[in-house]
1. How large is log10 I(q)/I(0) at q = 0.27, 0.28, 0.29 Å⁻¹ when the Debye formula is applied to the Cα atoms of the range A:88-151, each weighted equally and without solvent?
2. What dipole magnitude, in Debye to the nearest 20, does the range A:129-214 give about its Cα centre under +1 on Lys/Arg Cβ and -1 on Asp/Glu Cβ?
3. Between the helical axis of B:2-17 and the dominant principal axis of chain B, each derived from Cα atoms, what acute angle in degrees is found, rounded to the nearest 10?
4. Could you go through the range A:195-202 in sequence order and give the Karplus-derived ³J(HN,Hα) for each residue, using 6.51 cos²θ - 1.76 cosθ + 1.60 with θ = phi - 60°, rounded to whole Hz, and x for Gly and Pro?
5. Starting from the Cα of residue A:204, step 7 Å along the direction of its Cβ; do the same at residue A:163; then give the gap between the two resulting points in nm.
6. Show which aspartates and glutamates lie in cross-link reach of residue A:106 when reach means a straight Cα distance below 19 angstrom and same-chain residues fewer than eight apart are skipped.
7. GNM, chain B, Cα, under 10 Å: largest mean-square fluctuation among B:77, B:11, B:68?
8. Between residue A:72 and residue B:49, how many nm apart are label points set 7 Å from Cα along the C-beta direction?
Amino acid sequence: MPLTGRNLTCTRGDTTVFTGLDFDIAPGDIVVVRGANGSGKSSLLRLAAGYLAPTEGELRRDGVPIADDPERHRTSLHYVGHLDALKPALSVAENLAFWSRVLAPKTPASSRLDHDRTLDRMGLSGLADVPTRYLSAGQRRRLALARLIVCSRPLWLLDEPTASLDDAGTETLLGLISDHRSNGGMVLAAVHGSIAVDDAVTIRLGECRMDGMS
Amino acid sequence: MTTFLQIVARDVRLAFRQGGATMLVVVFFVLAVALFPLGVGPETAVLRRIAPGVIWVAALLAAMLSLDRLFQVDFEDGSLDQLALAPLPLELVAAAKCLAHWLSTGLPLVVISPLLGVLLELNGEAHAALLLAMAAGTPALSLVGGIGAALTVSIRRGGVLLSLLVLPLYIPVLIFGTGAIDAAAMGLEGGAHLLVLAALLAAALPLAPWAIAGALRLNLE
C-alpha cells in the first residue's frame, strides 16, 4: 500500500507553491512535512488526499497512479485538516457514529460499546450525549481524531494534528500514531512545533519553493 | 446504500433540530401567498385566475430561501472533505443531500399547498392538479437549485448570485406547474403539463447530481 510522489509541482492560482518534490511512504513509515507558513504543507496534504491534482508529476499508490483509480485511493485514507467536520447541533456520539457509518459502511454496525471505548481512548468519556457546540477547541480536535480509529484506513494525512491539543491530547495522538505504524499503517503529517516520533523522515518545504521561483 | 441513507437522515435531522429551515420556508410560503388576497382584493374570480401563478412563484422563492446553505455548511466545516472520502461516489452524496433538502423543505410545501388553494378559492379539480404539480415540481426545484448551491458554495453571501443563477432555470417548472393547474381549473385535461413536469424531474434526476458533483470537486481544491 505504499504511496509515492514523483516530481510533484503544485500551483495555486498563478503561484507555484513547490516544484520537483519527491517522497515515499511505505507501510510503518511516518513522513513529517515541515516548512514556514505558506510553504505548501497543506497543499501537499490535499494533493496526497487527491482533492487537488498536481500540475506536474504523479502520485502512485501501490505503483498505480491515483488518477487511474481514485476510488481505491480515497477510500483507503484518512484526512484530518484544520476543519473538524463536526455538526454543532449533533451530540458527540451522533457525530462519531455518522462518520463511522459513512466512511466504513461495510464494517458490521459498530456497537455503542465500540464508540464508548473510542471516546475513552480520546479522553472524551462522559461527553457522549453532549451537543458538540459545547466542546472546547481541543475537545473538538480530539473528536475529529477519533475518526482515525473508528474506521481503520492504512494512510493517515494529518494537517497540524496537534493544533489546540493539550499535552495529554498530544500524548494520546502519538500513541495512536505508533499503534497505527506498528500495524503497518502510514502517516504523512504536517507539523509546526516538535513532534516526538521515532525515525521520522522529514520533508522540508520552502527550500524547494526557492528553487521553483529562481 | 446505507451511506446514502445515513446522509439523508443526518441532513433531515439537522434541518429539524436546528429548528430553522423547515418552519422558515413554510411560513414564508404561506405569508407570501396570503398577501395576495390583501393586495389584490377578495374577488373570487380574480383570485381564482391568478392563484396557480401566485402559488408557484411563492413556492420557487420559498425553495430558494434554504438553498444557499445546502452545501455551504458542509464546505465550511470540513464535512465535504470527509464526504469525498466515503466509498459513495460524490454524485450520490449530492443526490442524497438534494433528497434531504426536498424532504425538509419541498415536501412541507406540497403538504401545505392545498390550504393555500382554499385561501385563493381554487375549485375542486384544480386542487388535485395543484397537489400533483407540486409533488412533481418541487423535487426538480431541489435538484436544479442544488447546481446553483454547489457553484456558489465558496462565495460568502452568495444568496443573490444563487438566485440569479437558479431562478431562470426554474422557469420551465413554473410554466408547466401553473399550466397544469390552469388547465384543470378551466375543466380541461391537464395531464400533458403534468407529464412534462415529470419529464423535467426525470431529466434532472441524473443530470443535476452529476453537475453538482463536478462543481463540488472544483471547490475541494
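1. Cα-only, vacuum Debye calculation for the range A:88-151: -1.24, -1.33, -1.41.
2. 380 debye
3. For helix B:2-17, the angle is close to 60 degrees.
4. 9, 8, 10, 6, 5, 8, 8, 10
5. Computed distance between label sites residue A:204 and residue A:163 equals 2.4 nm.
6. Hits, sequence-local ones excluded: A:71, A:94, A:114.
7. B:77
8. Simple spin-label model gives 6.8 nm for this pair.
Only the coordinates and a few stated rules stand behind these numbers; no lab work does. Source: prediction; values computed, not measured. Every residue, glycine as well, gets a Cβ built from its backbone with ideal geometry; the counts of neighbours run over all protein chains shown.
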